[in-house]
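Structure record follows, encoded as C-alpha cells.
The values are calculated or read from the model by the stated rules, or taken from the named source; none is laboratory data. All figures in this text were calculated on a predicted structure; none of them were measured in a lab. Please note: Cβ atoms are built from the backbone with ideal geometry, for glycine as well, and neighbour counts cover all protein chains shown.
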Amino acid sequence: MAAAIEIYTRPGCGYCSAAISLLQRKKAAFTHFDVATDPNLRQQMFDRTEPGATFPQIFIDGAHIGGCDDLYALDREGKLDGMIAAEKAIS
C-alpha cells in the first residue's frame, strides 16, 4: 500500500512547486492542501508543525518530514523512494 503523503502549500511559492514537482516525478500519490482555498488549513498545518512554519510542509504516513529542502535531502540520500513506495498514482 502506498504511503499517505500530505503537502500544505500556498500560491506563488516556488518551494511548494518544486516539492510537488518531485513528488509528481516520483509518481507518488499525495493529498494537496492549498491554504488559500480554506483558512482553516493554515491553522491545521500549524497545529501539526509549529506556528510560523514556512511552506511547504510535508507529511509522510503522519510523520512530519519538513519542507522542500528536507524532501529533496531524503531523495539525495536515497531514502525517499522507500518511504513513498507502492502504488504510484497522483491524486
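Taking residue 12, is it assigned to a loop (DSSP other than H, G, I, E, B) and modelled with pLDDT of 95 or more?
yes
Looking for whichever is within 13 Å of the chain's Cα centre (by Cα) and among the aliphatic types (A, V, I, L, M) here; the options are 41, 22. Which one fits? First the steps, then the outcome.
Details: 41 fails: within 13 Å of the chain's Cα centre (by Cα).
Only one candidate qualifies: 22.
Here is a yes/no grid of residues against (1) among the acidic types (Asp, Glu); (2) crowded, with 16+ Cβ neighbours inside 10 Å:
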site	(1), (2)
6	yes, yes
14	no, no
28	no, yes
53	no, yes
59	no, yes
69	yes, no
82	no, no
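What is the one condition in (1) modelled with pLDDT of 95 or more; (2) out of contact with any His (no Cβ under 7 Å at 6 or more places or on another chain); (3) surrounded by 11 or more Cβ atoms within 10 Å (Cβ to Cβ) that residue 38 does not satisfy?
Failed condition: (1).
Can you report the number of residues in region 25-62 which are part of a loop (DSSP other than H, G, I, E, B), touching a strand residue (DSSP E or B) at 6+ places or on another chain (Cβ under 9 Å) and free of Cβ contacts under 8 Å to residues at least 24 places away in the same chain?
Final tally of qualifying residues: 2.
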